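The values are calculated or read from the model by the stated rules, or taken from the named source; none is laboratory data. Everything quoted here is computed from the prediction, not taken from an experiment. In this analysis, Cβ positions are derived from the backbone assuming ideal geometry, glycine residues included, and neighbour counts consider all displayed protein chains.
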Amino acid sequence: MVTSAPGMRSIAAAASALYCLLCAGILEASTRHETAVRAAAASVPASHDRQQQCSSQAREQFARFGWRSNPGAFFVSHYNDRLRRCFIELQNVGASSTDAAHVEKSLGDAQGREYGAYVSNGDRSPLCEVALSSGETMDCHSSYEFDAWAKDFMEN
């Protein structure tokens, strides 16, 4: 018959205790993960509903300001969860009186506040002004600069 030494029993007890702690940690991590998954799943319908509502508000504004009848005009809407606001980016492309490309871009929210605008007639320097988070305004010098600035509002 084999008998274990007292030191071996304490090592086995410590290993068993460590195993229980590891199991408890895994169980706790699993519970946190399940809670996070449930919270994310619950927010998906709410976020989807806000996106749908934002899209409806954008369509209403687009029609209200007469853009629907303009074949070169279109809009993109996005509800920004971080900023808790519905943003609408409007673009209008056409020809100016000198047959140069005419491009207008603006970014506003569903409440009617304008955050920035870009206008180019192709035959002269574009006009571009955007609002900064500080409340100040800044001139931009190209369509690319305007798009880079607007990206922060149109993505979460």
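Structure notes:
- When residues in the range 110-131 are screened for being closer than 14 Å to Leu90 by Cβ and in contact with an Asp or Glu (Cβ under 9 Å, 6 or more places away or on another chain), 6 of them pass.
- Residue check for Leu22: modelled with pLDDT under 50 and over 28 Å from Arg124 (Cβ atoms): yes
- Residue check, Glu145 surrounded by 13 or more Cβ atoms within 10 Å (Cβ to Cβ), in a helix (DSSP H, G or I) and either touching a helix residue (DSSP H, G or I) at 6+ places or on another chain (Cβ under 7 Å) or not hydroxyl-bearing (Ser, Thr, Tyr) (or both): yes
- Residues being part of a loop (DSSP other than H, G, I, E, B) and over 19 Å from the mean Cα position of the chain (by Cα) - total across the range 126-142: 7
- Some residue of the range 66-86 being of a type in the set (A, V, I, L, M, F, W, C), surrounded by 13 or more Cβ atoms within 10 Å (Cβ to Cβ), in contact with a strand residue (DSSP E or B) (Cβ under 8 Å, 6 or more places away or on another chain) and under 14 Å from Gln111 (Cα atoms): yes
- Each residue in the range 73-122 was checked for being in a loop (DSSP other than H, G, I, E, B), among the charged types (D, E, K, R) and over 24 Å from Arg50 (Cα atoms), and 1 pass.
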